[in-house]
1. Just order 294-304, 58-68 by mean Cβ neighbour count inside 10 Å, highest at the front, would you?
2. Taking neighbour Cβ counts within 10 Å as the exposure measure, how do 354, 260 sort from fewest upward?
3. Within 10 Å, count the other beta carbons around each residue, average over each peptide in 77-83, 386-392, and list them highest first.
4. At 7 Å along the Cα-to-beta-carbon direction for both residue 121 and residue 32, put a label point, then send me their distance in nm to one decimal.
5. Would you kindly derive the ³J(HN,Hα) couplings of the stretch 291-297 from the backbone phi angles with the Karplus curve 6.51 cos²θ - 1.76 cosθ + 1.60 (θ = phi - 60°), listing them in order in whole Hz, with x for Gly and Pro?
6. Across the stretch 321-328, in residue order, what do the Karplus-derived ³J(HN,Hα) couplings come to in whole Hz, using 6.51 cos²θ - 1.76 cosθ + 1.60 with θ = phi - 60° and x for Gly and Pro?
7. Using each residue's phi in the stretch 61-66, evaluate 6.51 cos²θ - 1.76 cosθ + 1.60 at θ = phi - 60° and report the 3J(HN,Hα) Karplus result to the nearest Hz, with x for Gly and Pro.
8. The stretch 238-319: which trypsin sites (Lys or Arg not before Pro) are DSSP loop and have at most 10 other beta-carbon atoms within 10 angstrom?
Amino acid sequence: MLVDGRRAGADHLHGYPVIVMRPSRQNGQALIGVVIAMAIIGLALVLLAQRERQDYYSGLANEQGAALAQFGVALRGYIANVQGGSQTLPGNPYTVAGVNWLMPPDCGGLATNPVQGYLPCSFNAGAVGPSYTTTITQTPATNTIEARTWYMAQPEGNSITSKGRMAAQIVFSALAQQTLPINGMFLTAFANSPINATAAAAPNAVNPADLGRVMLVVNNSPSNDIWLRVDGTNQMLADLNMGGFSIKNAVNGSFSGSIHAQGTGQFDNGLSVTAGTAYLKGGTITPDVKVTSINEMASEAIYNAEVLTGSTSYTVPMPNCSLANNGSSSPAIYVALQGTGSPEGHGDALYESHVQVTASGSNWIITPVVEATKFTLSGSSNGTNLFVNLNKSISTVNATDQTILVMTKCR
């Protein structure tokens, strides 16, 4: 007996039942597999598209944040010139839309801008430049200047939540530019905050109307200044590295710490050490030194001393005192006869010894004088009387081996 074209009992093999797959059931299961595979692939494509979209808007936020930071640098340059007086605000407060106003005058910038402008002509702020709104306010009494620039982030879908996330990432990217050594602290930025914000809003206190707002604040406060101002209205916030170059044409300098110079130092009009001790280990070369404790000049206490002997006359040069005691000193000499030597000639007793000093041009002539007492006998007779006379006289003795101490100085 045949069943569906097969012999009866063919569904059993050796006593066990055999399941026979009909063609219609096979086709149905294959279709289910294809549907599941297509669903998995579709889900993967959706996730990939979402990831690509997130990466795109993340890159877009980073681009807009970097452009916002560049706009902040341009604003600082404009504020610096307004502060310095080379430019004047068109109004106070001054509100302007877009970014072109900071470009060179020949491509839409203000007519009073420098020829090179503050932004390049190609700057578009990441395609959102036309959405910028900037308000600049100047306080004449203190010359304080503040600029506030804002716009609303426009992510895909334009939802409130997406706006908030987009604005936060733009601000994060803008603030990250301040880590670059070439920039320093030059701006403050807030996300999802009101226009007059002075600090970032707390996440749980954000007004829905402010979600998506990107706020840039730039002012001329010293802590926000990226340049050392030529008008002296700010201060350095870190060490100033001159890169091997010099500081020239400065009038005065005030230092709270130490001064270290590896080269030489020159002072054309005096040097005052008001406290502490000056150590001059290499010696000092100076026309004179005044010791204020005794109100005397060093030149008045320093002598050039020498001992002269072997002659009856000596020539001693006068010292140059033109620079001593600020030019008010004059040459001085002190002479003492140390020894009379061995007199030549006859002398019974030393009568006097001294030294004669005579000025002769730029020299002194020194002549030692030694005089001795000389006694002689003379006699006469008168008849049976004999008279003997003891005669006393003074004679100059020529003693060439006399020793003379000579000291010269300025006084």
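1. On the way: 294-304: 14.4, 58-68: 19.6.
The most tightly packed comes first, giving 58-68, 294-304.
2. Numbers: 354 12, 260 5.
Lowest to highest Cβ neighbour count: 260, 354.
3. On the way: 77-83: 21.0, 386-392: 9.0.
So the order, starting with the most tightly packed, is 77-83, 386-392.
4. Each label point lies 7 Å from its Cα, and together they span 7.0 nm.
5. Taking θ as phi minus 60°, the curve returns 9, 5, 5, 10, 6, 10, 8 Hz for the stretch 291-297.
6. Rounded to whole hertz, the list is 10, 5, 9, 6, 6, 6, x, 9.
7. 5, 5, 5, 5, x, 5
8. Numbers: sites: 248, 281, 290; in loops: 248, 281.
In loop regions of the stretch 238-319 (DSSP not H, G, I, E or B), the sparsely surrounded trypsin sites (Lys or Arg not before Pro) are 248, 281.
Coordinate-derived values only; no laboratory data. Small disclaimer: the values here were computed from a predicted structure and weren't measured. Positions of Cβ are generated from backbone atoms using ideal geometry, with glycine treated the same way; all protein chains shown enter the neighbour counts.
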